[in-house]
Every structure is written in structure tokens, then in C-alpha cells.
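Structure first, commentary second.
The values are calculated or read from the model by the stated rules, or taken from the named source; none is laboratory data. Owing to the predicted nature of the structure, the values given are computational and were not obtained by experimental measurement. Heads up, the Cβs are rebuilt from the backbone with ideal geometry, glycines too, and the neighbour counts pull from every protein chain shown. Heads up: the accessible areas ignore ligands, DNA and RNA and are worked out on the full protein's heavy atoms, side chains in. Shrake-Rupley method; radii C 1.70, N 1.55, O 1.52, S 1.80 Å.
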Amino acid sequence: MILQSKTVGHGSFMQRSSQTHRPLLSSALRQATQAPHLRQLGACPCPQQKVYRHRAVQSRAYQFKQGPDVPERGIAALTYLLPLLDALPYGRYVFMQFPFIARAMAPLAPVAYIYNSVPFLPFLLFIGVYSFIVNNQSMGRFIRYNAMQAVLLDVLLIIPSVLMGSVLRPPEGGAALQLYESGLNTIFLFVAVSVAYGMVSCLLLQALVGAAAC
């Protein structure tokens, strides 16, 4: 009986103490959540944070709308000169048949002379564009994407150059010569149209397909 009374008294004491401490704990938690340093970490951001977030969203939208600046567009357009200079030898029949295309390519004549006269210069420029522009993560995506397209066009020109240098020889006449000329004209026109499209797209700020996904 004595033990039972002691346990009953101890239980009633614990209930009374818990009831008295509940208001104190609730008030302490309420004061802690109303503290300034905890309000900043809470789910309700202050108005100043909302303003900062809104301005950040507006600045990102403005940058996306404006796109790359003028120097980036210029660098991206210049990378397309690499496949164009390599494709000029394939356009000799086009230049004879259509003189206005030869006049359009005339400003590139000094550059093409230096490009083809200096030993290993085409190879060094190819390695430089691929290493310092395409694989350079500090450059913009717009520049790297267009430089990669230029490199791919230049790589495609390796196949006909190898075939012409080792397997195919210029025929003397007849249908074989016409087929040979048509092949060279097709290669040059394909590269020239691709380069023109890439350059115009860069200069007019119209990103090529997939530029935003690099």
C-alpha cells in the first residue's frame, strides 16, 4: 500500500509538472521562431530577398534575349574561315564557270596565299581552333558551338583531299572529266553554303540549332 501510494503520488507530480512546463515550452518556441536571424532561414523570405530574386530573374531573361555580344559573334564567325580556306581549291571550276563567285572570293586571296604557302599553317590553325576555342570552357557556348561546326566541316574535307591526293587523278576528258568537275563543284558549294549560313547566323545573332544545349 505504501509503495502504491508513492507511485500514485509520483505520477500525479509528473503530470502536474508537465502541464506547468507546456506553456513555457510553447512560449519559448514561439519567441525563437520570431527571432530575426531565424526568420531569414524560414519559409517566408523578407521583401528585400524577393526583390533581389526578381531582379536576378529579370537580368537572366535580359541576357538571354540579348544573346552574345559583338566580339563573341565576330570570333564565332571568323572560325568558319578555316573550312572555307580549305575548300577554295575545290572551287576552281566554279570560279571559271561563274566569275561573280570568283570576284566575291577575291578579298580572301591574300589570306589564302599565306594560308597555303606557310608550311603546317593549316594544321596548326586546326589544332589551335580545336584546343583553344572548342575545348576552352572559359569561352562562351555560342563561340564554342560555332567553332565546333567549323572544325567538323574542315574534318569532312579531309576525305576528298586524301582521295584526290592518292587515289583519284584528274581525267583527261570525256564523261569522267565532267563527273570529276561535278564532284569538286559539289564539295565547294556545300562548304561555301554552310560557311555562309554559319557566318550570317553569327553576325545576325541567330544562334544555330543546338547552341543553347552545349
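Below are the figures for this structure:
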quantity	calculated
Cross-chain or 6+ apart pairs with Cβ under 8 Å, segment 118-137 first and without any contact (Cβ under 8 Å) to a residue 24 or more places away in the chain and within 10 Å of V151 (Cβ to Cβ), then among the charged types (D, E, K, R) and part of a helix (DSSP H, G or I)	V134/R144
Yes/no for V151 being modelled with pLDDT under 95, open to solvent by less than 90 Å² (accessible area, probe 1.4 Å), assigned to a helix (DSSP H, G or I) and at negative phi	no
Within segment 161-199, considering residues that are over 19 Å from Q97 (Cβ atoms) and among the charged types (D, E, K, R), the one surrounded by the most Cβ atoms within 10 Å (Cβ to Cβ)	R169
Residue match in segment 94-114 (condition: of a type in the set (S, T, N, Q) and within 15 Å of A192 (Cβ to Cβ))	yes
Scan of segment 154-178 for residues that are assigned to a helix (DSSP H, G or I) and among the aliphatic types (A, V, I, L, M), ordered by number	V155, L156, I158, I159, V162, L163, M164, V167, A175, A176, L177
